[in-house]
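Quick notes on the structure that follows.
The values are calculated or read from the model by the stated rules, or taken from the named source; none is laboratory data. For clarity, every value in this text was computed on a predicted model and none was experimentally measured. Neighbour counts run over all protein chains shown; Cβ positions are idealised from the backbone, glycine included. These area figures cover heavy atoms from the full protein model, side chains too; ligands, DNA and RNA do not enter into them. Shrake-Rupley method; radii C 1.70, N 1.55, O 1.52, S 1.80 Å.
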Amino acid sequence: MCHDSCPKPVSGGAPLTETMTTVSREDAEIPVLLVRPEGDAPAPGIVLIHDIHGANDFYHDVARRLALAGYAVALPNLFHREGPPEGEGRQAVMARSQKAKQANQLGDLEAVATWLTG
């Protein structure tokens, strides 16, 4: 599923808390959007994985929808080492994706999952 935009963003519903934070690992600071139901009640966690377009508005909206369903959702930017695409369109995001190292991204996901459950 590849989405470069968000056609119908969620609105209304229960209040949510959205925070941009970073999760540290030995070789990186991973930018993470954390969206959760407002309040101090514990919530089950989800690590949301984006496609080749990155942690864009579409995935921010998916995170909000999951939070409205009662989950704490962590959306890491798995392309933080590669930076933004060099140009517009599918070719640019594919080129960035090919630069990424799967071992780094898997390590980032493990660090975010550990942080979310800790």
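Couple of notes before you dig in:
- Residue list for the range 86-113, restricted to those being aliphatic (A, V, I, L, M), over 15 Å from the mean Cα position of the chain (by Cα) and assigned to a helix (DSSP H, G or I): Ala92, Val93, Met94, Ala95, Ala103
- Every condition in (1) open to solvent by 20 Å² or more (accessible area, probe 1.4 Å); (2) part of a helix (DSSP H, G or I); (3) under 12 Å from Val32 (Cα atoms); (4) not polar (S, T, N, Q) holds for Ala63 except the one numbered (1).
- Test result for Leu34, open to solvent by 30 Å² or more (accessible area, probe 1.4 Å), hydrophobic (A, V, I, L, M, F, W, C) and either in contact with a Pro (Cβ under 8 Å, 6 or more places away or on another chain) or part of a strand (DSSP E or B) (or both): yes
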